[in-house]
Amino acid sequence: FIPDMPFSFAIFNPNKAQDIIKDHQSIKHWYIGGHSLGGAAAAMFAEKNQSKLDGLFFLASYPASDDLKQSSLKILSISGEKDGLATQEKIKKSKANLPSQTVFHEIKGGNHAQFGMYGKQKGDQPADIPALSQQNDLIQTMLDWMNRSKKLP
């Protein structure tokens, strides 16, 4: 599900997932995440609703607090090497706020805007790879992570 958000910013309604989960009770396994501020909003929801989730993913994003540090939640962080906003330095710093089992993946040549396919963004660096290459890497990494997480305790 990709819900509509106020002003297209998930941070303004981080509990939107609650309604989606409630309205689709036949679904038994839930992963939540988002790009940029959407990832921060997903982390806010996950912090308070860990028992409802199988995993949390960040796309060029990271949590705003260390409330997930002791979590047993499966977590994936995908970043872009050329990201000028969620820089590699910021992603590395975020490791201190995440549990040790967090999986980190860097897309070589990827940037911030190509996660959302919305064109150039102020402060971002040009990507060294085509947008579809970045999207394919992102999709494959997420699928591999979800398939591995099903097999883990």
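The values are calculated or read from the model by the stated rules, or taken from the named source; none is laboratory data. All of these numbers come straight from a predicted model, not from anything done at the bench. Cβ: placed from backbone, ideal geometry, glycine included. Neighbour counts: every protein chain shown.
Annotation: ALA40 fulfils all but one of (1) in contact with a Pro (Cβ under 9 Å, 6 or more places away or on another chain); (2) surrounded by fewer than 16 Cβ atoms within 10 Å (Cβ to Cβ); the unmet one is (2).
In the condition set (1) modelled with pLDDT under 95; (2) under 15 Å from the mean Cα position of the chain (by Cα); (3) farther than 25 Å from ASP4 by Cβ, SER36 is compliant with all but (3). A single member of GLN135, GLN121, GLN140, GLN114 is part of a helix (DSSP H, G or I), touching a Gly at 6+ places or on another chain (Cβ under 9 Å) and not charged (D, E, K, R), and it is GLN114. Condition first: under 18 Å from the mean Cα position of the chain (by Cα) and either modelled with pLDDT under 95 or of a type in the set (A, V, I, L, M, F, W, C) (or both). Now tell me which residues in region 101-131 satisfy that. Scanning region 101-131 gives GLN101, VAL103, PHE104, ILE107, ALA113, PHE115, GLY116, MET117, TYR118, ALA131.
Rundown of residues vs (1) among the hydrophobic types (A, V, I, L, M, F, W, C); (2) exposed (fewer than 14 other Cβ atoms within 10 Å of the Cβ); (3) at pLDDT below 95, yes/no style:
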{"position": "SER65", "(1), (2), (3)": "no, yes, yes"}
{"position": "GLY80", "(1), (2), (3)": "no, no, no"}
{"position": "GLY84", "(1), (2), (3)": "no, no, no"}
{"position": "ILE91", "(1), (2), (3)": "yes, no, no"}
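Regarding GLY84, is this residue more than 15 Å from GLY38 (Cβ to Cβ) and in contact with a His (Cβ under 9 Å, 6 or more places away or on another chain)? Can you show your working first?
On the way: more than 15 Å from GLY38 (Cβ to Cβ): yes; in contact with a His (Cβ under 9 Å, 6 or more places away or on another chain): yes.
Judged against the criteria, GLY84 is a match.
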